[in-house]
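Chemist: There's a structure below that I have some questions on.
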Amino acid sequence: MLKSKTFLKKTRAGGVMKIVREHYLRDDIGCGAPGCAACGGAHEGPVLEPQPLDPASSLCPQPHYLLPDTNVLLHQIDVLEDPAIRNVIVLQTVLQEVRNRSAPVYKRIRDVTNNQEKHFYTFTNEHHRETYVEQQQGENSNDRNDRAIRVAAKWYNEHLKKMSAENQLQVIFITNDRKNKEKAIEEGIPAFTCEEYVKSLTANPELIDRLACLSDEGNEIESGKVIFSEHLPLSKLQQGIKSGTYLQGTFRASRENYLEATVWVHGDTEENKEIILQGLKNLNRAVHEDIVAVELLPKNQWVAPSSVVLHDEGQNEDDVEKEEERERILKTAVNEKMLKPTGRVVGIIKRNWRPYCGMLSKSDIKESRRHLFTPADKRIPRIRIETRQASTLEGRRIIVSIDGWPRNSRYPNGHFVKNLGEVGDKETETEVLLLEHDVPHQPFSQAVLSFLPKMPWSITEKDMKNREDLRHLCVCSVDPPGCTDIDDALHCRELENGDLEVGVHIADVSHFIRPGNALDQESARRGTTVYLCEKRIDMVPELLSSNLCSLRSNVDRLAFSCIWEMNHNAEILKTRFTKSVINSKASLTYAEAQMRIDSAAMNDSITTSLRGLNKLAKILKKRRIEKGALTLSSPEVRFHMDSETHDPIDLQTKELRETNSMVEEFMLLANISVAKKIHEEFSEHALLRKHPAPPPSNYEILVKAAKSKNLEIKTDTAKALADSLDRVDSPIFPYLNTLLRILATRCMMQAVYFCSGMDNDFHHYGLASPIYTHFTSPIRRYADIIVHRLLAVAIGADCTYPELTDKHKLADLCKNLNFRHKMAQYAQRASVAFHTQLFFKSKGIVSEEAYILFVRKNAIVVLIPKYGLEGTVFFEEKDKPKPRLIYDDEVPSLKIEDTVFHIFDKVKVRIMLDSSNLQHQKIRMLLVEPQIPGISVPTDTSNMDNSEPERKKKKLQK
């Protein structure tokens with residue numbers, strides 16, 4: 001049956017166009033109930049159970065299916081995902097509305113409907129002859145959709161009666177809309193609110209905790225005094241932004257101070273790019289990463305960023321007077337120059353809430369169901385939740401979602417989502433770390449895995465099309481020990497004309513991952529492989545990462561080769577790119593490759609090739625450094641794990657060999673050669689990587705630190721900086737050069753991916769290269785896969801596709817890749833921090849030599865070379881008399897009593913694990929030397945009780 005709608009529309013040119021919309025109605029759409037004779041099994045995909053064995057409900061004891069409306073799906077998705085809730089009918093009307101309103105919820109509901117065990121059935125009510133409804137005159141689309149849902153619920157109940165008279169199956173309509181529920185009951189449809197239904201499931205009381213608490217915005221000021229001013233409606237905000245009264249930006253809360261935040265204003269205006277917000281009322285219920293509208297305060301109310309560290313530790317939930325007292329502490333007397341544009345939040349444009357990990361702070365009131373939840377991320381406010389399982393959740397990591405933040409509440413309201421496990425447990429902490437850094441780590445879905453090649457796999461004739469056979473070459477790979485995802489291999493041989501041929505061979509991942517399929521989409525979403533201390537979260541499934549794409553030795557593998565002809569002075573004479581087949585002759589570690597190069601007894605073809613590569617790499621590196629490339633330093637640590645417990649038993653800084661540098665030089669050369677090629681071919685849509693030069697103000701700390709040691713560091717250009725760093729050579733202080741390089745690294749900007757058609761500054765500051773990209777690690781970076789596709793099209797080895805030549809799509813992709821890379825770095829650091837804590841937990845208290853990296857107003861930040869560990873030594877402690885501190889920002893230096901500390905001074909510190917705060921366990925450092933009475937701790941730790949942190953912990957758990 002065909003329904004058609006005709007209407008006239010005026011075109012831009014002033015003409016009139018007739019538009020006919022056709023809507024097909026069918027009578028062969030199944031209801032999803034197996035055994036329904038009327039539908040004759042016209043169901044596709046997962047179906048409902050014939051006899052729903054759902055938990056008994058006191059409201060409707062007979063077997064039933066559930067039919068939720070849009071708002072229930074949007075707000076109570078945590079309840080619907082619970083294993084206890086099964087046999088749910090999801091209407092097409094509801095699904096379309098959810099899709100328009102929330103992409104994350106839509107994805108979650110699709111995942112649930114695809115899960116066979118949940119028995120969720122999607123019913124296409126908009127195309128079913130008996131359930132389609134047309135919008136009536138004067139009826140808005142919202143009311144029409146509500147009516148369509150009621151019509152479908154009524155049809156279902158009548159339809160199922162026909163199925164079997166003695167076995168009465170019901171369909172229960174779940175809605176939180178009071179009017180809709182009343183209308184449904186009038187029409188004879190069994191209807192309940194989500195809360196009524198969940199509370200009726202007596203066998204599953206824990207489900208009540210997962211209910212989102214939704215207060216009616218209008219009735220939220222029933223009790224308690226109003227703390228916050230009202231948020232303006234979106235229409236007013238948009239008008240205000242248009243007229244310039246308000247500014248739109250991203251709200252960034254401070255980790256250090258819960259009463260302060262900044263808003264990064266969107267747009268290109270240089271003026272007021274960053275606005276400071278101070279005090280609860282000015283933050284006005286905005287949460288980290290929300291898009292907000294702010295109003296600038298008059299200049300006489302502007303403030304300076306506070307240097308006070310304030311964490312919200314108050315037990316009394318609504319003690320607002322105390323907050324006001326704390327706000328006054330922030331407003332210290334400051335120099336005029338320090339004042340920054342200051343504002344207040346007038347409304348929220350878009351909430352960017354996510355589920356938060358953290359711990360429950362159990363209420364002191366006995367039998368209380370209301371408790372505060374403290375998120376692990378210090379930028380997120382505490383959340384008030386209701387739960388009946390507080391005693392079981394204490395001391396565990398849990399996930400909580402925010403539901404809303406009423407004007408009369410000091411904290412937002414939320415609900416419990418999931419119990420992750422015991423705090424401090426390695427699996428639990430790893431899960432928290434991945435969730436908090438938004439690292440996609442779920443197992444690959446069947447849809448993704450279905451695009452993998454079938455095993456056993458071998459190279460076919462079709463694969464050899466447009467490919468060179470390079471299996472005869474003496475290719476080998478050099479990687480860290482235990483590496484299974486081998487991206488790159490190298491070869492070097494002498495040609496008949498006396499020149500050298502050097503090849504970099506990279507795994508041909510783009511051969512296996514084809515544009516646009518589920519495997520490609522998932523790899524693009526993940527963006528990068530994340531390496532934690534004991535775990536690797538792969539970007540591509542293991543069959544590819546550790547097997548078919550990995551360039552393992554003595555097996556044929558597909559590669560993308562970059563081959564140069566060079567003279568003995570490492571000058572490139574010719575460059576060519578080709579897809580190829582290689583057979584690596586050896587998979588070596590850096591140590592093994594170094595040993596071969598150094599051993600006079602070894603002269604086989606692999607060793608000869610390595611020596612040739614090493615010799616050329618040294619020339620390439622020298623030339624690169626002469627051009628102004630920076631050799632910076634960061635202390636990287638390596639854990640030695642216990643083979644049984646997998647706990648760290650030793651912690652060392654990584655040792656770098658010549659062979660590390662050798663591989664790096666050829667990877668850089670390949671990346672630069674490919675960048676030039678793809679930019680030549682695709683000037684508007686090449687995916688490149690740039691490293692912006694830091695603004696001069698970034699170098700202030702480095703210049704001052706060097707000056708305090710009577711050294712001059714020039715920072716006008718990268719070359720000047722590199723030369724200054726090279727000149728620093730102190731026989732009495734050999735570690736000084738490394739410290740300066742570590743400090744210089746901190747001054748740098750973040751390198752980012754970008755699309756060549758959207759930017760005109762391509763320069764890579766750190767490498768002193770005019771153009772750069774990533775080509776050499778496609779197994780672990782998605783950017784490299786795109787670069788492979790561009791290069792393949794450039795040399796005619798593969799065909800293009802629309803997204804590859806759409807610069808806006810590429811720019812969006814770069815944005816996601818930059819975000820994923822940043823999050824992967826943070827997750828890796830958090831993993832190192834957690835394993836460092838485990839190491840010191842078993843090691844007890846140790847004293848080690850350290851160097852000062854920064855001086856603060858009340859602390860020094862030190863680096864311990866032995867462990868590559870950084871930490872802060874505080875000089876003001878709670879419940880202790882305050883020492884006399886004089887901070888000089890110009891030098892910079894910190895005088896404590898009569899001792900002055902400068903950057904790079906050598907000190908001795910005591911390192912121990914502080915477990916007094918279970919959620920934020922941290923490495924605590926105390927000063928041992930120089931001795932300052934009342935500040936330093938005694939040097940002798942032999943008689944100290946190493947289990948002190950343990951004792952504290954036991955006390956906490958009582």
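Chemist: If R0 is 30 Å, what FRET efficiency do you get for His763 and Leu543 from their C-beta distance, rounded to 0.05?
Modeler: About 0.15, to the nearest 0.05.
Chemist: Would you mind calculating the gained length between Ile625 and Ile291 on full extension (0.36 nm times residue separation, minus the Cα-Cα distance), in nm to one decimal? All intermediate terms of the calculation are to be shown ahead of the outcome.
Modeler: Details: separation 334, 0.36 × 334 = 120.24 nm, distance 4.36 nm.
Taking Ile625 through Ile291 to full extension adds about 115.9 nm, to one decimal.
Chemist: Roughly how much of Ser235 is accessible, in Å² to the nearest 10, using a 1.4 Å probe?
Modeler: Approximately 70 Å² for this residue.
Chemist: Considering the options Asn858, Val891, His902, tell which one lies farthest towards the positive end of the dipole of region 847-905, charges being +1 on Lys and Arg and -1 on Asp and Glu at the Cβ, about the Cα centre.
Modeler: Final value for the positive-end residue is Asn858.
Chemist: With each run of n ≥ 4 DSSP H residues scored as -39500 (n - 2.57), what mean residue ellipticity at 222 nm is computed for the chain after dividing by its residue count and rounding to the nearest 500 deg cm²/dmol?
Modeler: Calculated mean residue ellipticity at 222 nm is -8500 deg cm²/dmol.
Chemist: Leaving ligands, DNA and RNA out of it, work out the accessible area of Thr460 with a 1.4 Å probe and give it in Å² to the nearest 10.
Modeler: That residue has around 70 Å² of solvent-accessible surface.
Chemist: Could you list, in their original order, any pairs among Lys9/Lys809; Lys841/Lys908; Lys627/Lys857 whose Cα atoms are separated by more than 29 Å?
Modeler: Lys9/Lys809; Lys627/Lys857
Chemist: Here is a follow-up. With charges only on Cβ, +1 for K and R and -1 for D and E, what is the dipole size of region 430-500 about its Cα centre, in debye, rounded to 20?
Modeler: The calculation lands at about 460 debye.
Chemist: Using a Förster distance of 35 Å, how high is the FRET efficiency between Gln442 and Ser368, based on the Cβ-Cβ distance and rounded to 0.05?
Modeler: Values: r = 35 Å, r/R0 = 1.01.
FRET efficiency, Gln442 to Ser368: 0.50.
Chemist: Per residue, how much accessible surface does region 658-830 expose to a 1.4 Å probe? Answer in Å², no decimals.
Modeler: 42
Chemist: Is the shape of region 504-558 rounded, prolate or oblate, going by the alpha carbon gyration tensor and its root eigenvalues a ≥ b ≥ c, with a/c under 1.5 for rounded and a/b larger than b/c for prolate?
Modeler: Numbers: a/c = 2.20, a/b = 1.13, b/c = 1.94.
Oblate shape, in that a/c is at least 1.5 and b/c is the bigger or equal ratio.
Chemist: What relative contact order, as a whole-number percentage, does the chain give when Cα pairs under 8 Å and 6 or more residues apart are counted?
Modeler: 7
Chemist: Tabulate in residue order the Karplus-calculated ³J(HN,Hα) for region 125-139, using 6.51 cos²θ - 1.76 cosθ + 1.60 with θ = phi - 60°, rounded to whole Hz; enter x for Gly and Pro.
Modeler: These are the phi-based 3J(HN,Hα) values: 5, 6, 10, 8, 3, 8, 10, 6, 10, 9, 5, 8, 5, x, 9 Hz.
Chemist: Along the positive direction of the dipole of region 702-800 (beta-carbon charges: Lys, Arg +1; Asp, Glu -1; about the Cα centre), which of Thr800, Asn760, Phe733 reaches farthest?
Modeler: Result: Phe733, furthest along the dipole toward the positive end.
Chemist: Tally up the carbon and sulfur contribution to the accessible surface of the chain as a whole percent, 1.4 Å probe, everything protein left in place.
Modeler: Here it works out to 50 percent.
Chemist: Run the 1.4 Å probe and let me know the accessible area of Met749, rounded to the nearest 10 Å².
Modeler: 70
Chemist: Among all the lysines, which ones have a C-alpha under 24 Å from Lys454's C-alpha, if same-chain residues fewer than 8 places away are not counted?
Modeler: Within the straight-line limit of under 24 Å, Lys454 reaches these lysines: Lys462, Lys465, Lys579.
Chemist: Another question, then. Could you size up the charge dipole of the chain around its Cα centre, putting +1 on the beta carbon of Lys and Arg and -1 on that of Asp and Glu, and report it in debye to the nearest 20?
Modeler: That gives the chain a dipole magnitude of about 1280 debye.
Chemist: Can you list the HN-Hα couplings for region 523-528, worked out from phi with the Karplus curve (6.51, -1.76, 1.60; θ = phi - 60°), rounded to whole Hz and with x for Gly and Pro?
Modeler: Working through the residues one at a time gives 5, 5, 5, 6, x, 7 Hz.
Chemist: Hey, got the dipole for region 46-210? About the Cα centre, +1 on K and R Cβ, -1 on D and E Cβ, debye to the nearest 20?
Modeler: 280
Chemist: Over the Cα atoms of the chain, what radius of gyration and what Dmax do you get, in Å?
Modeler: Every Cα atom of the chain included, Rg and Dmax give 32.2, 96 Å.
Chemist: Normalised radius of gyration for region 10-155, please: alpha carbon Rg relative to 2.2 N^0.38 Å, two decimal places. It would help to have the intermediate numbers written out before the result.
Modeler: Values: Rg = 17.6 Å, N = 146, 2.2 N^0.38 = 14.6 Å.
Expressed relative to 2.2 N^0.38 Å, the Cα Rg reads 1.20.
Chemist: Take Thr738 and Tyr24, extend 7 Å from each Cα along the Cα→Cβ direction, and tell me the distance between the two endpoints in nm.
Modeler: Calculated label separation equals 7.1 nm.
Chemist: In sequence order, what are the phi-derived ³J(HN,Hα) couplings for region 339-353 according to the Karplus relation 6.51 cos²θ - 1.76 cosθ + 1.60 with θ = phi - 60°, rounded to whole Hz, with x for glycine and proline?
Modeler: Those phi angles translate into 5, 10, x, 10, x, 9, 7, 9, x, 10, 8, 8, 7, 10, 6 Hz.
The values are calculated or read from the model by the stated rules, or taken from the named source; none is laboratory data. Because the structure is predicted, anything quoted here is derived from the model rather than measured. Positions of Cβ are backbone-derived with ideal geometry, glycine not excepted, and every protein chain shown enters the neighbour counts. Ligands, DNA and RNA are stripped out before the accessible areas are found, and what is left, the full protein with its side chains, is counted by its heavy atoms. Shrake-Rupley method; radii C 1.70, N 1.55, O 1.52, S 1.80 Å.
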